[in-house]
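Engineer: Quick one: the structure is below, and I'll ask about it shortly.
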Amino acid sequence: MKKFEYIITEPVGIHARPAGMLVKAASVYKSSIMIEKDGKTADVKRLMALMALGVKCDEKATFTIEGTDEDIAVVELEAFCKENL
Amino acid sequence: MEKYIGKSVYKGISIGKIKILKKEVHNVERRHVEDIASEKKRFEEARQKATLQLKELYEKAVKEVGETSAAIFDIHQMMLEDMDYLDSIDNMIESQNINAEYAVAVTGDNFSSIFAAMDDEYMRERAVDVKDVSERLINILVNFNSQEFVLEEPTIIVADELTPSETVQLDKNKVVAFVTVHGSINSHTAILARMMSIPALVNTQMDLKYEWNGLLAVVDGNTGEFILEPTNEKLEEATVQVEKELEQKVLLEELKGKESITLDGTKVKIFSNIGSLSDIGNVLKNDAEGIGLFRSEFIYLGSDSYPTEEEQFQIYKKAAEIMGGKQVVIRTLDIGADKQVDYFNLDKEENPAMGYRAIRICLDRKEIFITQLRALFRASSFGNIAIMFPMIISVEEVDEIKSIVVKVKEELKSQGVKIGKVELGIMIETPAAVMISDLLAQKVDFFSIGTNDLTQYTLAIDRQNQKLDNIYNPHHQAVLRMIELVVQNAHKNGIWVGICGELGADLELTEQFLRIGIDELSVAPVFVLKLREKVRVLNLKDSKE
């Protein structure tokens, strides 16, 4: 299992467009990818649940990745977050 | 004449005929189905058809409103692939033996009510998207073709609420305004109105009536008024204003990409003031030449604990990157008892304007200052960052700041961090700083005059005290002479000087500022083009009046 924390800098948070991009980015991996904020979790591959988590700008989210490709997924997803969120 | 008031999301005035867009409410009937497999197949076919429709809408929207706004139809397609949404529909068909359209209607309602209950206004708007997608599926399942209508003349679209699908189907050349009963400043209507630069009112208190169709009306985004069947007098007044705005719009559009230069060739830099990253869109849209004041305290005010170095670094880096090579002047923390932040634990003060604030806090609680400086210098290699220090009253303060800066830079370098070229400047906002500006100018790379505080301290008038409004004179000779003195002392020492207070946008003073040699004016994004327009008609070679 791999974990990383990320603070959102996208001004409107993980709303529609960034959420869509994140789902697409996560969906290429076999691993299960979960996101946690304030004790609530959501599956990063599920758009509605991800948006319903309502992660806003300046808030901290924890990503947990578990599966056969977790090593590469953790590196690439963290880079994706820095680039896009 | 009838009048309703709404919340304006885009200024401007329009006259047109009303077109009511009222949703066809389908009563989705609940039916018992025996053949579950074929009902699921029917749903799957509808889902594929909806996806195709959305692909077409996306293409249309890209052409009309650009990729960023079109992305919502991409999101709608993804909603149609969302496992939670699909599972819910599948389960209902299977476990309750019900028809697909009913399962979609119930699931759509459930999901949209989750978003409608969220505390973030932006997220609440997603409820409309879920409804939009669900309605699309239902329309396909019940074989209902939404009627297309042709707009022939300038039209004001009036609706309870507009979905993205509805807005993209409108003939944009004919729509001159939007008025909706619901919606917020982040609704699709608002976003589209801003994109199209037409007035729009949301959250308008009224009951929609079909009889309004075809009536003449005025939408005034400046006052928030929606006026049905205006009187001749009101109509004439509106017509004059429409023409004036049109002229102004064309003029200001033409100024984008042009230099801020007077007829005799004097150049001035017109920058923008911002409070957060989300303001940068407006900075670029209004073609500002840089950011003259990034109020970093908003990062602290928006947080419930001290923002970390990494958090701040990300924000400064992003600002620098978005602005490309253009200068971004970031002011270090300017809080005090008047701008309270709980976690700073500041005491209540009798006179916060003259109290423990800004640089005084930073030089006292250095760990806060050093965190911010580290974040700023780390971000400096990603663009053109300048740092500005507020509330300076002495040379000693500047010396102390500079020695801290040297230490921070050395430490970062020893840690292998790349540092860009960073100009260091100070705010001139106290009479003390004005009087010793000749000494201060030898220590820094630039001055930025904060006219709001400088006026308050010079005239000894508290700006919050309404009883003093009648004697508060922003054009007071004392202030204007101070500005002139500061410019002289800056130029004698070869440094540039700007104005970042409200006075910078005061068109009555622009000529005077240019004559005394101000190098930069930093104003709210909306004033940039108006200021440039003013600058471009000035001729400083003309003799003074």
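Engineer: Of all residues in segment A:30-69 being of a type in the set (S, T, Y) and more than 29 Å from B:V128 (Cβ to Cβ), which is nearest to the other protein chains (Cβ to nearest Cβ)?
Structural biologist: Top of the filtered list is A:S32.
Engineer: Suppose we keep only residues that are crowded, with 20+ Cβ neighbours inside 10 Å and assigned to a helix (DSSP H, G or I) within segment B:427-455. Which one would you say is modelled with the lowest pLDDT?
Structural biologist: By that ranking, first place goes to B:D453.
Engineer: Determine whether A:T64 is in a strand (DSSP E or B), touching a residue at least 12 places away in the same chain (Cβ under 8 Å) and not aliphatic (A, V, I, L, M). I'd like the intermediate steps shown before the answer.
Structural biologist: Numbers: in a strand (DSSP E or B): yes; touching a residue at least 12 places away in the same chain (Cβ under 8 Å): yes; not aliphatic (A, V, I, L, M): yes.
Judged against the criteria, A:T64 is a match.
Engineer: Restricting attention to segment A:70-85, and to residues there that are within 14 Å of another protein chain (Cβ to nearest Cβ) and of a type in the set (D, E), which single residue is nearest to B:Q314 (Cα to Cα)?
Structural biologist: A:E83
Engineer: If you don't mind, another one. Here are some residues: A:G20, A:G54, A:G39, A:G67. Which one is buried (at least 21 other Cβ atoms within 10 Å of the Cβ) and on the phi > 0 side of the Ramachandran plot?
Structural biologist: Details: A:G20 fails: on the phi > 0 side of the Ramachandran plot; A:G39 fails: buried (at least 21 other Cβ atoms within 10 Å of the Cβ); A:G67 fails: buried (at least 21 other Cβ atoms within 10 Å of the Cβ).
After applying the criteria, what remains is A:G54.
Engineer: Could you list, in sequence order, the residues of segment B:79-95 that are surrounded by 14 or more Cβ atoms within 10 Å (Cβ to Cβ) and away from chain A (no Cβ under 14 Å)?
Structural biologist: Across segment B:79-95, the qualifying residues are B:D90, B:M92, B:I93, B:E94.
Engineer: Scan segment B:41-60 and give yes if some residue there is assigned to a loop (DSSP other than H, G, I, E, B) and more than 10 Å from chain A (Cβ to nearest Cβ), otherwise no.
Structural biologist: First, the residues of segment B:41-60 that are assigned to a loop (DSSP other than H, G, I, E, B): none.
No, segment B:41-60 has no match at all.
Engineer: Of the residues B:I359, B:I392, B:I387, B:I404, which single one is β-branched (V, I, T), under 32 Å from the mean Cα position of the chain (by Cα), surrounded by 13 or more Cβ atoms within 10 Å (Cβ to Cβ) and farther than 30 Å from B:N465 by Cα?
Structural biologist: Among B:I359, B:I392, B:I387, B:I404, only B:I387 is β-branched (V, I, T), under 32 Å from the mean Cα position of the chain (by Cα), surrounded by 13 or more Cβ atoms within 10 Å (Cβ to Cβ) and farther than 30 Å from B:N465 by Cα.
Engineer: Determine the pairs where a residue that is of a type outside the set (A, V, I, L, M, F, W, C), located within segment B:291-302, has a partner that is part of a strand (DSSP E or B) and at pLDDT below 90 with Cβ atoms under 6 Å apart, the partner being 6 or more residues away or on another chain.
Structural biologist: Hits for this filter: zero, empty list.
Engineer: Next question. Take the residues in segment B:313-332 that are more than 14 Å from chain A (Cβ to nearest Cβ) and of a type in the set (D, E, K, R); name whichever of them is farthest from B:G420 (Cα to Cα).
Structural biologist: Selected residue: B:R331.
Engineer: Give me a count of the residues in segment A:10-29 that are modelled with pLDDT of 90 or more, under 16 Å from A:T62 (Cα atoms) and either outside any helix (DSSP H, G or I) or within 9 Å of chain B (Cβ to nearest Cβ) (or both).
Structural biologist: 2
Engineer: Another one. Only residues in segment A:1-13 that are under 11 Å from B:E311 (Cβ atoms) count as the first member; pair them with residues that are part of a loop (DSSP other than H, G, I, E, B), Cβ under 6 angstrom, at least 6 apart or cross-chain, and list the lot.
Structural biologist: From residues that are under 11 Å from B:E311 (Cβ atoms), the pairs are A:I8/A:V55; A:I8/A:C57; A:I8/A:E59; A:I8/A:L85.
Engineer: Oh, and also: So which residues in segment B:526-540 are surrounded by 19 or more Cβ atoms within 10 Å (Cβ to Cβ), closer than 14 Å to B:G265 by Cα and not basic (K, R), if there are any at all?
Structural biologist: B:V535
Engineer: Let me confirm something: among B:V133, B:V181, B:V150, B:V128, which residue is farther than 26 Å from B:E56 by Cβ and β-branched (V, I, T)?
Structural biologist: Testing whether each residue is farther than 26 Å from B:E56 by Cβ and β-branched (V, I, T) leaves just B:V181.
Engineer: Is it true that some residue in segment B:227-237 is free of Cβ contacts under 8 Å to residues at least 12 places away in the same chain, more than 24 Å from the chain's Cα centre (by Cα), over 24 Å from B:P164 (Cα atoms) and surrounded by 12 or more Cβ atoms within 10 Å (Cβ to Cβ)?
Structural biologist: Applying the first criterion (free of Cβ contacts under 8 Å to residues at least 12 places away in the same chain) to segment B:227-237 yields B:232-233, B:236-237.
Subsequent filtering for residues that are more than 24 Å from the chain's Cα centre (by Cα) retains B:232-233, B:236-237.
Restricting the remaining residues to those that are over 24 Å from B:P164 (Cα atoms) gives B:232-233, B:236-237.
Remaining after also requiring surrounded by 12 or more Cβ atoms within 10 Å (Cβ to Cβ): B:237.
Yes, there is a match, as at least one residue in segment B:227-237 is free of Cβ contacts under 8 Å to residues at least 12 places away in the same chain, more than 24 Å from the chain's Cα centre (by Cα), over 24 Å from B:P164 (Cα atoms) and surrounded by 12 or more Cβ atoms within 10 Å (Cβ to Cβ).
Engineer: Here is a further query. Just one of (1) among the aliphatic types (A, V, I, L, M); (2) in contact with a Leu (Cβ under 8 Å, 6 or more places away or on another chain); (3) on the phi > 0 side of the Ramachandran plot trips up B:A433, so point out which.
Structural biologist: Result: B:A433 fails condition (3) only.
Engineer: Identify, from the list B:D129, B:D119, the residue that is closer than 14 Å to A:M48 by Cα, of a type in the set (D, E, K, R) and within 10 Å of chain A (Cβ to nearest Cβ).
Structural biologist: Of the residues listed, the single one that is closer than 14 Å to A:M48 by Cα, of a type in the set (D, E, K, R) and within 10 Å of chain A (Cβ to nearest Cβ) is B:D129.
The values are calculated or read from the model by the stated rules, or taken from the named source; none is laboratory data. Quick caveat, the model's predicted, so the values are computed rather than measured. Cβ sites come from the backbone with ideal geometry, for glycine too, and all protein chains shown count toward neighbours.
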